[in-house]
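The values are calculated or read from the model by the stated rules, or taken from the named source; none is laboratory data. Being a predicted model, the structure only gives us computed values, none of them experimental. Because the Cβ atoms are built from the backbone with ideal geometry, glycine has one as well, and the counts that use them run over all protein chains shown.
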Amino acid sequence: MPLSEQEQRLLDEMERHLMRNDADVVTAPQDGRGLSYRNIVYGTVLVLLGLGSLIVGVSIQLVVVGVIGFVIMLAGVILAVTPSKQNGSSPTPTEAPRKAKAPSSSASFMDRMNDRWDKRQEDR
């Protein structure tokens, strides 16, 4: 069943609102902190070295080598996901510069949506 013109406009408005809010969340600065590609690369290398050590430890049946390999893997994962502080003024590729925007009208948008919903429910 196709949507009516009013429903299609409402759906388009909701989609625009969600896209705008999602873009704000994705580009929101994180107090000057973000993931560092260098940390991700070093962490990946540590995970691979730890995995190799773990496999070697299991294959030669030395528990100590396997445990050390696991600890190296864990350190690599922690290093890869730990955000780094930015000391420069240049934003990272994931942090786009934000433009100044007018006060948010999300409350009024939600009020309008609730009013429309209530009106539809009363008409039934």
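Restricting attention to helices (runs of 4 or more DSSP H) lying wholly within region 10-124, give those where 1 or more residues are in contact with a Phe, Trp or Tyr (Cβ under 9 Å, 6 or more places away or on another chain) and either at pLDDT below 75 or not basic (Lys, Arg) (or both). So that I can check it myself, show each step before the final result.
Working: elements: 37-59, 63-81, 106-123.
Hits in region 10-124: 37-59, 63-81.
Any residue in region 17-44 that is among the basic types (Lys, Arg) sitting within a Cβ distance under 8 Å of a residue that is at pLDDT 80 or above? List the pairs, counting only those 6 or more apart or interchain.
Pairs found: 33/83.
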